[in-house]
1. Which count do you get for residues in the range B:678-710 that are open to solvent by 50 Å² or more (accessible area, probe 1.4 Å) and either of a type in the set (A, V, I, L, M) or in contact with a helix residue (DSSP H, G or I) (Cβ under 7 Å, 6 or more places away or on another chain) (or both)?
2. Looking at A:T36, A:T49, which is the one that is of a type in the set (V, I, T), open to solvent by less than 40 Å² (accessible area, probe 1.4 Å) and touching a Pro at 6+ places or on another chain (Cβ under 9 Å)?
3. Pairs needed: first member in the range B:451-463, among the hydroxyl-bearing types (S, T, Y); second member anywhere, part of a helix (DSSP H, G or I) and surrounded by 14 or more Cβ atoms within 10 Å (Cβ to Cβ); C-beta distance under 8 Å; at least 6 residues apart or different chains.
4. Quick check on this structure: which one of A:D92, A:D83 is over 19 Å from A:V56 (Cα atoms), more than 13 Å from the chain's Cα centre (by Cα) and at pLDDT 95 or above?
5. Go over the candidates A:K105, A:K123 one by one and state the one that is within 14 Å of another protein chain (Cβ to nearest Cβ) and either under 17 Å from B:Y4 (Cβ atoms) or more than 10 Å from ligand 1 (Cβ to nearest atom) (or both).
6. Of the residues B:G279, B:G272, which single one is more than 20 Å from the chain's Cα centre (by Cα), within 22 Å of B:S570 (Cβ to Cβ) and within 14 Å of another protein chain (Cβ to nearest Cβ)?
7. Looking at A:P108 and the list (1) crowded, with 16+ Cβ neighbours inside 10 Å; (2) more than 12 Å from ligand 3 (Cβ to nearest atom), which single condition is not satisfied?
8. Can you pull out every residue in the range B:282-292 that is open to solvent by less than 10 Å² (accessible area, probe 1.4 Å) and in contact (Cβ under 8 Å) with a residue 60 or more places away in the chain?
Amino acid sequence: MEGYGNHIVQYSPEYSLCAGCETCSIMCGLTHDGFTGPGNARIRINLGTRSLMHEVLACQQCDDHPCYEACPKKDAAMRIDPDTNIVYIVEDDCIGCGKCAKACKFTPSRIQIRKNKSRKLWKAVKCDLCRENPEGPQCVKYCIVRCLGLSDDSVMLPEGVMPAYAQEQEVANA
Amino acid sequence: MPNYSIEDILENPANTQGLYGYSGHIARINLTTGEVSDVDTYQYVPKYVGGRMICNRIFWDEVPTGTGPYDEANKFIYMTGPTTGTGIPAGGRSAAVSVGASNAPNMFAWGNIGGWFATELKYAGYDGFIIEGKSETPVYICIDDDKIEILPADDMWGMRVHEAQAALEEKHAHEFKSIVIGPAGENLVRFATLTTGNDSVLAKGGFGAVWGAKKLKAITVHGTGVIAPADLEKLDFLRWNMNNPGMKPSPVLHLDAIGTPGAEFPVKYDRGNMSCSPGCNQHCNALLMDGVSAFGDDLVNHTEKCVSICTFNYTTDIPAPVGMFWPTEQNYCAPCKLLGRDFPVPDFSDPHFEEQAQVVLPDKLDFWGPDYERGTIVNDLCNEYGIDKWEVVVWMMTWLSMCKTEGLFEGMGNLGCEHEIDVADAEFMKEFISNLVYRRGEYGNMFAEGMHRAIRELGYDKFSETIYHGRYSTMLGGKRTDLPVSLEAAWGSSMHWQGRGYEGSVEKPTWLAACINNMMNTRDAQTVEHFHAKFDYHAEAIADPYHSPHLIDAIIAVQNNAEIKDSVMSCEWQSPDPWWPEMESEMFMAATGAPMTPEELRDAGFRSKLLFRAILIRHYGRTRRQEVEQEWRVMQIPDTWNEVADWQQFNEMVDLIYEARGFDLETGWPYRETYEKYGLADVADEMGKLGLLPERPAERWSDYGEPPFVKFSENRKLEPDYEPDPVKASMPLEGAPPALKFS
Ligand code: SF4
Ligand code: SF4
Ligand code: SF4
Ligand code: SF4
């Protein structure tokens, strides 16, 4: 995909239909922060309340990353991984100004602002492809119907990522 | 302000036990005064767990006796559970109670609903709400984080379900999640439903009419806060282990025919798996795509489960394998997998496999023939007007079909319709249903009151108790067995897994269990109290279904589990797992971090059922005689083996259930010590003051009296006992669901 780095993609319904369970967003929040909510889900689902067809909204890791360009604390709050080109946020340096969220070229923005009772503690959150998690993308790991993958090679899940008991189940279910 | 961090949840001064999982607040919203206030969740938990258990407690504490469904004093109490929105599988559901409009007589009723609404509500900082009073003009409630407003709904009044949902998204934002009523609720159609965004419906109880009486069109919610489960490791374990999640692609299925081999009928039937609520790790096979709209819209996608399928074709009853109710450890899978036709290859080495796989073959009923388009139209009518499909499909349509066959409508025109009465005709169904939804004419008004009341208005003996001559038992080689034209069970509900009529293909212990569960309820209990027991006890139960100690234990467990499921929050199709009895307590602990043994949780379920019982006794004078009489008629209709229940033995079975529950045998009322044992001493005190605490008799009571008169039984005696009809016996079972396929 030209113009975009490796990012989360949704497969076609003919391969696997998104069930609208929001497990991907919930687990994204839980694995990053230990809690879950719309403010820390780096992946969101555009729920089809009438069509019952759901669209996954994830950051595309744009090569030109306007979000990064807009950040007043570029290279501190918002940084680019030199090896993978993943655009990610370092919360300690983020001042929660929201400029990145506004600059995202997609609507709705792929960047959420995680609120706090103290306005000073608002933080931007965005998909970092779980770069610090040795298991890789958690949304992919937990999607029950396997309708999520990575754009580059469409790897559904790096091997050995699932807990042993789950792997046994996959074998049993195969 | 919503909780924006774990600290916000834990630092809530009311949260003295440091519980995770809950949001901590319940909104009290008064539609008469417009006042909104805050109720603290932690005064109820962990004792009342969440969901239905809290609802029961609030109802007991707050709703005065003598309150009718449409009274200002009636409250609509809605609660999520501690697992809701946490990512613990099946936790996304929620429960509600109120005085029902659909049951007969009108009493406390309960229900549950999926959808994304419950989770969104917790993001806004609320575990639930209590709606009080009634508005004079149409309104809706908007919960936007902690800002709660009662707003005018004049422009939405009259809108169908999906129009109203779209209007709310338009007014607010797509992120707002709503529960709405359709025109049926507005017009106080007694079996009106509440519907949320993914077509998940709270159908039983007639709460749509309760909202209609309050002039409440909708509640819409948006939250920006957080939900925090306590134990992420445990949560992860539950996700991968509850009911062996498939973790595999789930493509859209394109079917061009359904039915048993040799008796298929053509459909354009695209189906998919969907989840009813956030965090589910299974997904039911419930998404029906490209159905024909009843309103001339484009093709529509619906959520359709169980009963909806019967709209396509109802020539036979639904066959059921024995193992569906009586699983072995080797061959157990969650019911959602059965529904999704996603169950694993059976373990043929199971010594009971043959018995398990035996299917009770369905009765031939010939209510209506295959027509896929008509089916989707009927479903769409129910979805858009907001009415209960159980009432429409299982009771109204079958009744129309049977009465017509028996010539009962002669001299009554077409019941106020221009189209000839014919349930197989989509145009008739559109007209008949829209007449009742808008209360047009004599019959529209009559049927808006629900089948229980309409039949009594028309004349009970004729329109309920007449024999339908079109039922043939496959199990008896085609012998004609009698069925009344009205498939009514207890408390104004239709039959449901009760061994006759609808989902009739079950053995006696199973239908006795379903009857006991419905008997002790206020509505059809089967939606959360489907009976299951381990196969180990099948032989004992078959040998003597009325006196099987294990069957009694299993019934009590099923009843308690219904409360647990609706409180921890789980779903009927995932819970319980007979071989993982700790599952729900593990879910609770993963969500809250508070200790809860399976025994403590079981006791909480018992407590909730006791509170329910106390409500029934205090508010509605519930007695043993009352409930046994209610259930008696349905058991006097022959089952598929042409057998009926025995009065003496059924009463002995009721004795065993009451003893296990700590109830007095004569009155059916719990003793003081029963209340006290389960932490309800205050309830016992109140019951004592009202003279509703029984004394233990010196001698065991057994004066069952005479069974109540059942007109249908009398009619049966007048009928010749029909011999098998070789033609009927050899007819293909074209109404049966597709043959079981092993994935
Ligand atoms: S919210 Fe944070 S990451 Fe976004 S632009 Fe402002 S400082 Fe940068
Ligand atoms: S946040 Fe938006 S602009 Fe930035 S990389 Fe992701 S998709 Fe592109
Ligand atoms: S890859 Fe990781 S950060 Fe990105 S959406 Fe998925 S779980 Fe969240
Ligand atoms: S986990 Fe998978 S099925 Fe569920 S909402 Fe996310 S993408 Fe859809």
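1. 3
2. Residue meeting the stated conditions: A:T36.
3. Short answer, once both residue conditions are applied: B:Y460/B:K711.
4. Numbers: A:D83 fails: at pLDDT 95 or above.
Testing whether each residue is over 19 Å from A:V56 (Cα atoms), more than 13 Å from the chain's Cα centre (by Cα) and at pLDDT 95 or above leaves just A:D92.
5. The match here is A:K123.
6. Within the list B:G279, B:G272, the selection yields B:G279.
7. (1)
8. B:L288, B:G291
The values are calculated or read from the model by the stated rules, or taken from the named source; none is laboratory data. This structure is a prediction, so every number in the text was calculated from the model and none was measured. Cβ coordinates were reconstructed from backbone atoms using ideal geometry, including for glycine residues, and neighbour counts include every protein chain displayed. For accessibility, only protein heavy atoms count, side chains too; no ligands or nucleic acids. Shrake-Rupley method; radii C 1.70, N 1.55, O 1.52, S 1.80 Å.
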